[in-house]
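Reading through the structure tokens given below for one structure.
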Amino acid sequence: MCQIDDLGFWKYGEICFKLVKQERIYRINKFALETLSIAHQDVVKNTRRWLEQMVVGLNLCPFSSRVIAQNQVHYAICDAITDEQLEQFCVTELQRLLGSNENDIATSLLMFTQGLAEFDEYLAILDWFQQLLENAELEEHVQLASFHPQYQFEGVAAEDLSHFTNRSPYPTIHLLRQDQMSKVLAQVSDPEKIYLDNIKTLNKLGRRQVEALCPWGK
């Protein structure tokens, strides 16, 4: 687990210390599907299909089409199930994003194939990750977005279609560069309207079509 050492440096073993203190060394790190195992290629293909049909196809995220089209999304797959392995995976991918040029990796999707099937377990690792960013003072650099096959907005009726805006094929944590998001949102007069428009889009489609696009979220 992360801890503060005697000198006041935030650490995850030695990893977080290096992440915070190291200089940014840009390296070409384009995602290459063919380097993955067949099983992991299927995970990426299923995720890309969801992005193309739901996120981009229904314009649920107006900012996503460009980075997807330019192959600036890094897809990382984790088969781990223990907390230690899951946390290590998150730290490794955080380092990858921060150590790469934004033209190579604009954003990262972390997919969990074995662990975090239960939504409460997913929320626990998400809370841990957010706490890590806060304690390492990385909030101004990285923002987290959350997606899960059984995603449930707090305080919203279970049958509401709005949950499908965040229902993905696999438990997924999205790492976004904060500076990029700030630039994009600065061009949007009412960011909250995006969420409301998404709900209208799903309600117009109706449950049958929405569940056909996201059968894992039924």
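The values are calculated or read from the model by the stated rules, or taken from the named source; none is laboratory data. Quantities reported herein were computed from a predicted structural model and do not represent experimental measurements. Quick reminder, even Gly has a Cβ in these numbers, built from the backbone with ideal geometry, and neighbours come from all protein chains shown.
Scan region 182-218 for residues that are in contact (Cβ under 8 Å) with a residue 40 or more places away in the chain and among the small types (Gly, Ala, Ser) and report the count. Total meeting the criteria: 1. Within region 178-217, the residues that satisfy the criterion of being more than 30 Å from GLU137 (Cβ to Cβ) and among the hydrophobic types (A, V, I, L, M, F, W, C) are LEU196, ILE199, LEU202, LEU205, VAL210, ALA212, LEU213, CYS214, TRP216.
Does SER108 meet the test of being touching a residue at least 60 places away in the same chain (Cβ under 8 Å), part of a strand (DSSP E or B) and hydroxyl-bearing (Ser, Thr, Tyr)?
Numbers: touching a residue at least 60 places away in the same chain (Cβ under 8 Å): yes; part of a strand (DSSP E or B): yes; hydroxyl-bearing (Ser, Thr, Tyr): yes.
For SER108, the condition - touching a residue at least 60 places away in the same chain (Cβ under 8 Å), part of a strand (DSSP E or B) and hydroxyl-bearing (Ser, Thr, Tyr) - is met.
Checked against the criteria, LEU138 counts as part of a loop (DSSP other than H, G, I, E, B), touching a helix residue (DSSP H, G or I) at 6+ places or on another chain (Cβ under 9 Å), farther than 28 Å from LEU202 by Cβ and of a type outside the set (Phe, Trp, Tyr). Within region 98-113, restricting attention to residues that are at pLDDT below 95 and of a type outside the set (Val, Ile, Thr), which residue is surrounded by the fewest Cβ atoms within 10 Å (Cβ to Cβ)? By that ranking, first place goes to ASN103. Scanning region 165-181 for residues that are crowded, with 17+ Cβ neighbours inside 10 Å, in contact (Cβ under 8 Å) with a residue 60 or more places away in the chain and not in a strand (DSSP E or B) yields THR165, SER168, PRO169, TYR170, PRO171. PRO191 passes every criterion in (1) under 19 Å from PHE147 (Cβ atoms); (2) under 21 Å from the mean Cα position of the chain (by Cα); (3) at pLDDT 80 or above apart from (3). Is there a residue being modelled with pLDDT of 90 or more, in a loop (DSSP other than H, G, I, E, B) and acidic (Asp, Glu) anywhere in region 121-134? Checking region 121-134: not a single residue is modelled with pLDDT of 90 or more, in a loop (DSSP other than H, G, I, E, B) and acidic (Asp, Glu).
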